[in-house]
Amino acid sequence: MRTAVSRARDAERVVSPLELFFDLVYVFAIGQLSHHLVEHVDLRTGAETVIMALAVFYAWYMTAWGANWLEPDRLPVRALLVGLMFASLLMSVAIDDAFGGRAWLFVTGYLLLQVGRAAFLIVALRGRPQGEHFVNDLVWELLAGVLWVAGAIVDGDARLVLWAIAVAANYGGAWALHWLPGRGVRVDAGHTEIAGGHLVERFRLFFIIVLGETVLTMGNAFADTEFELERLWALVIGFTGAVALGWCYFERAEALGVEAAERDEDAGAVGLWGTWTLTLIVLALIGIAVGDELAIAHPGDEATVGFSVLAFGGPALFLLAQVLFHQMLGRVPRSRPLGLAAALALLAVVTAPLTLFVGIAASTAVLAAVAISDTVREGRRAPNRSG
């Protein structure tokens, strides 16, 4: 089976149409997460949303990593992706009531994803270091699965705690490269025949999915309320913020990531750091989307603590992720830490007593300033490049 479905060591890997189709389920998943949070912007619902968002993204990126070593046109690989897509759908439809009556549906979909993918990769990659790595991965997934199942059995705070520990175990295992006593780490993440360009493209497409969901959320919020000029301006501001987010991502960070991934020795490190920073970005964009939705629906309401956390914490988390990624590459533009400081230390305090409309205007101003700074910086560099 290995020779039939695994990618040859030196073969290039491009994103297949079925992988794009697979990602569409996660458009729905991100929308479900935003919907879950906007219903009750409080600490408990925020914690539930973070736990589920981390689980959803973990399921996605482990699939993206695993598929990196597979030949996408082979029938078994296609069958795998279709099966994982359906499991993702089961998980996604349960999100809004996962801490209520649909806990088992959420856990079933999630564990089918995790265990099924790891088992397939063990067989598909047998005889290669990656195959041994996914043996370790399967053990970690089964151990974490005990916690997910235990959380589904109980309810209330016990479920929240058990699932928080479970998702921490999932990410801890990935961070430790799925080390096991007696087996150690069975693969070096920096030298695993990673197709860096494929991973970067997968990250780009997932970012677009999440960013696109923020636009859909804003549009739905505006469409579901009566027309008012202030709501229209809130929509304009929210859309401007979404454009600024995309600009910040694509203008510098992704270009540097692509450049580093094209160097074979950096592909693994870029992939790992891209994974961790994209995790933060996903959480950030969900928060921003909910903050924008609240401001569009109720622009004249006074800002609450929960809204301020979303409106300013979201951009701050996004900029922190970019700082970390740039730091890994050794080049952190001043606009990122300055924007982070502005979002956290200045604007949240200044706008807290004001309206939701002013809040998103202030946070969007930070993102727009960072995007403009990138454009000006690149414009100054352009003559030197051409010369």
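The values are calculated or read from the model by the stated rules, or taken from the named source; none is laboratory data. Computed from a prediction, not measured in an experiment: that's the story for all the values here. Virtual Cβ from ideal backbone geometry, glycine too; neighbours counted across all protein chains shown. Side chains are part of the model used for accessible areas, which takes the heavy atoms of the whole protein and leaves out ligands, DNA and RNA. Shrake-Rupley method; radii C 1.70, N 1.55, O 1.52, S 1.80 Å.
Figures for the structure shown
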read-out	value
Residue within the stretch 60-73 that is within 18 Å of A284 (Cα to Cα) and out of contact with any Lys or Arg (no Cβ under 7 Å at 6 or more places or on another chain) present	yes
Residue within the stretch 154-176 that is closer than 21 Å to V27 by Cα, free of Cβ contacts under 8 Å to residues at least 60 places away in the same chain and surrounded by 19 or more Cβ atoms within 10 Å (Cβ to Cβ) present	no
Hey, A234 at pLDDT 90 or above and either within 24 Å of the chain's Cα centre (by Cα) or open to solvent by less than 50 Å² (accessible area, probe 1.4 Å) (or both) or not	yes
Any hit, the stretch 160-172, residues being touching a Leu at 6+ places or on another chain (Cβ under 6 Å) and either modelled with pLDDT under 95 or of a type outside the set (A, V, I, L, M) (or both)	no
Helices (runs of 4 or more DSSP H) wholly inside the stretch 26-136 containing at least 3 residues that are among the polar types (S, T, N, Q) and in contact with a helix residue (DSSP H, G or I) (Cβ under 8 Å, 6 or more places away or on another chain)	43-67
Positions within the stretch 82-109 being buried (at least 21 other Cβ atoms within 10 Å of the Cβ), under 15 Å from D23 (Cα atoms) and not aliphatic (A, V, I, L, M), in sequence order	S88, S92
Breaking point among (1) open to solvent by less than 10 Å² (accessible area, probe 1.4 Å); (2) in a loop (DSSP other than H, G, I, E, B); (3) of a type outside the set (F, W, Y), for I194	(1)
Flag for A345 being under 27 Å from the mean Cα position of the chain (by Cα) and either modelled with pLDDT under 85 or crowded, with 22+ Cβ neighbours inside 10 Å (or both)	yes
